[in-house]
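Quick notes on the structure that follows.
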Amino acid sequence: MKIGIIGTGAIGGTIAKKMASAGHTVKINNSGDLDKLNALAEELGVIAADQKEVVKDVDVIILSVPTIAIPTLPNDLFAEVPENVIVVDTSNYYPFRDADIEEIKNGKVESVWVSEQLGRPVIKAFNNLLAETLASGGKNPDAEDRIAMAVAGDDAAAKKIVAGLVNDAGYDVVDSGSLSESWRHQPGTPAYCTELDTEELKQALADGVKEEAPVKRDKAIKELSAMTSYPSHADVVKFNRALFSKNPKSEKI
Ligand SMILES: NC(=O)c1ccc[n+]([C@@H]2O[C@H](COP(=O)([O-])OP(=O)(O)OC[C@H]3O[C@@H](n4cnc5c(N)ncnc54)[C@H](OP(=O)(O)O)[C@@H]3O)[C@@H](O)[C@H]2O)c1
């Protein structure tokens, strides 16, 4: 497939590398200058593109920027992008980073807000695994303990295509329902960054409590920031699991 990725940080850069390794044609764009973008593209084995080019002649566009950057994207970004091009949103809202977005704070589902900002339907994917999990936790489809990723959206055919990309990245897929249900894998839920297999993730998605999620999210950030030494990746996953006693992989910490 032909994939355009905006945002080349921990998530977008990793997706770019994985999609290129899987044989897809990948273009990337970020907020930096073109020289640096060219160097990064070479390192990742992909093509550097400006904002107009990155969305041109592609099958899928992946937005992997902080939520606060979504409204800064050009108003006409999708003006010439055909309707059948799939837009994927990887974002997670964190008030400490993304400032106050009142509608989200008042309960609007994050990717529903993103979709409204863009004026395009989006599929939410690649948001419920930590960057390090995404970079190094992928496995072959027949691996017994393969980690699963949630994919939400309102277009079943688009979700199927995105599920194929997630599989190429090394993860099983759980269809988490419509975009309005995607709060079930936002920060502060049992499905968020807890490295579960398919059956466990289905359970975790069902166990989420919408009103509790922002409270748990902010508590988690506060506690992680207060740690005297930088927690390892394994510690963060363990910490996330322990926020929910019902989490199938929860253990006391
Ligand atoms: N990190 C994780 O563990 C994780 C896990 C799942 C989902 N997510 C979510 O995925 C999104 C990306 O996360 P990340 O960790 O990859 O962030 P990151 O490392 O901070 O990278 C953000 C990227 O967005 C680019 N960017 C920002 N504003 C832009 C604009 N207006 N136009 C084009 N590019 C722009 C940045 O460009 P420059 O490179 O030029 O600065 C950078 O490449 C966030 O919403 C995050 O919450 C993160």
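The values are calculated or read from the model by the stated rules, or taken from the named source; none is laboratory data. None of these values were measured; they are calculated from a predicted model. Don't worry about glycine lacking a Cβ; one is built from the backbone with ideal geometry, like all the others, and counts go over all protein chains shown. The accessibility values were calculated without ligands, DNA or RNA, using every heavy atom of the protein model including side chains. Shrake-Rupley method; radii C 1.70, N 1.55, O 1.52, S 1.80 Å.
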Once the convex hull of the C-alpha atoms of the stretch 48-161 is built, how many Å³ does it hold per residue, rounded to a whole number?
-> 142
Any chance you could list the semi-axes, whole Å, largest first, of the equivalent ellipsoid that the Cα gyration tensor gives for the chain, using √(5λ)?
-> 28, 20, 18
Give me the aspartates and glutamates in straight-line cross-link reach of Lys56: C-alpha distance below 18 Å, same-chain residues under 8 apart excluded.
-> Asp76, Glu80, Glu83, Asp89
Mind ordering 96-102, 20-26 by average Cβ neighbours within 10 Å, highest first?
-> 20-26, 96-102
Cross-link list Lys139/Lys249; Lys52/Lys202; Lys124/Lys210: which exceed 27 angstrom alpha carbon to alpha carbon?
-> Lys52/Lys202
With all protein chains present, how much of the accessible area of the chain (probe radius 1.4 Å) comes from carbon and sulfur, to the nearest whole percent?
-> 50
Using only alpha carbon pairs under 8 Å that are at least six residues apart, calculate the relative contact order of the chain and give it in whole percent.
-> 14
Leaving out ligands and nucleic acids, note down the accessible area per residue over the stretch 65-242 with a 1.4 angstrom probe, in whole Å².
-> 47
Which residue, Asn84, Asn127, Asn30, has the most motion in a Gaussian network model of the chain that connects Cα atoms within less than 10 Å?
-> Asn84
